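Everything below concerns the one structure shown next.
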Amino acid sequence: MGAQESLPDPPAQMHHYYSKFMRECPSGLLSLHEFKKLLDLQGLDPQGDLYIKRVFDIFDLNQDGFIDFLEFIAAINLVIRGKIDQKLKWYFKLYDADGNGCIDKKELLSIF
């Protein structure tokens with residue numbers, strides 16, 4: 001009611017996200033190219049492309065080169081309902097490009 005739209009119950013919400021995912025990605029697997037297209041992030045400069053690829057790779061939990069529906073839902077859940085410590089861990093993972101558990105000077109500079 002009013003200006004805010006209430007969210008449907010969890011099963012209906014899941015169906016909504018599944019329908020939207022399958023409409024955008026009928027194969028059930030979202031490639032990096034489709035990810036960029038879905039987010040309207042095509043034609044970025046090399047630095048932007050690298051950043052988007054890194055985001056995609058982190059969402060691709062099984063590292064098969066695609067984001068499936070479960071990975072998609074995990075990403076949405078993190079963004080919408082994730083606790084601050086979960087989000088901080090995700091951001092750390094995003095900027096720790098070499099995955100060594102530390103953010104070095106080069107990685108820190110890329111943030112800025």
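Looking for something in a helix (DSSP H, G or I), open to solvent by 90 Å² or more (accessible area, probe 1.4 Å) and not aromatic (Phe, Trp, Tyr) - is there at least one such residue anywhere in the range 30-45?
Taking the range 30-45 first, the residues in a helix (DSSP H, G or I) are 32-38.
Next, only the ones that are open to solvent by 90 Å² or more (accessible area, probe 1.4 Å) stay: 33, 37.
From what's left, not aromatic (Phe, Trp, Tyr): 33, 37.
Yes, there is a match, as at least one residue in the range 30-45 is in a helix (DSSP H, G or I), open to solvent by 90 Å² or more (accessible area, probe 1.4 Å) and not aromatic (Phe, Trp, Tyr).
Within the range 95-109, count every residue that is open to solvent by 60 Å² or more (accessible area, probe 1.4 Å) and assigned to a helix (DSSP H, G or I).
Final tally of qualifying residues: 4.
Hey, any hits in the range 55-65 for a residue that's open to solvent by 40 Å² or more (accessible area, probe 1.4 Å), outside any loop (DSSP other than H, G, I, E, B) and aromatic (Phe, Trp, Tyr)?
No, the range 55-65 contains no residue that is open to solvent by 40 Å² or more (accessible area, probe 1.4 Å), outside any loop (DSSP other than H, G, I, E, B) and aromatic (Phe, Trp, Tyr).
Got at least one residue in the range 72-90 being in contact with an Asp or Glu (Cβ under 8 Å, 6 or more places away or on another chain), farther than 25 Å from Phe112 by Cβ, open to solvent by less than 80 Å² (accessible area, probe 1.4 Å) and without any contact (Cβ under 8 Å) to a residue 24 or more places away in the chain?
Just the residues of the range 72-90 that are in contact with an Asp or Glu (Cβ under 8 Å, 6 or more places away or on another chain), to begin with: none.
Scanning the range 72-90 turns up no residue that is in contact with an Asp or Glu (Cβ under 8 Å, 6 or more places away or on another chain), farther than 25 Å from Phe112 by Cβ, open to solvent by less than 80 Å² (accessible area, probe 1.4 Å) and without any contact (Cβ under 8 Å) to a residue 24 or more places away in the chain.
In the range 66-90, which residues are within 24 Å of Glu34 (Cβ to Cβ), more than 11 Å from the chain's Cα centre (by Cα) and not charged (D, E, K, R)?
Of everything in the range 66-90, those that are within 24 Å of Glu34 (Cβ to Cβ), more than 11 Å from the chain's Cα centre (by Cα) and not charged (D, E, K, R) turn out to be Phe66, Phe69, Leu70, Ile80, Gly82.
Scan the range 1-29 for residues that are in a loop (DSSP other than H, G, I, E, B), at pLDDT below 85 and open to solvent by 70 Å² or more (accessible area, probe 1.4 Å) and jot them down.
Scanning the range 1-29 gives Met1, Gly2, Ala3, Gln4, Glu5, Ser6, Leu7, Asp9.
The values are calculated or read from the model by the stated rules, or taken from the named source; none is laboratory data. Since the structure is predicted, the reported quantities are computational estimates derived from the model, not experimental observations. Methodologically, a virtual Cβ is constructed for each residue, glycine included, from the backbone with ideal geometry; neighbour enumeration extends over all protein chains shown. The protein model used for the area step is the full one, side chains on, heavy atoms only, and it has no ligands, DNA or RNA in it. Shrake-Rupley method; radii C 1.70, N 1.55, O 1.52, S 1.80 Å.
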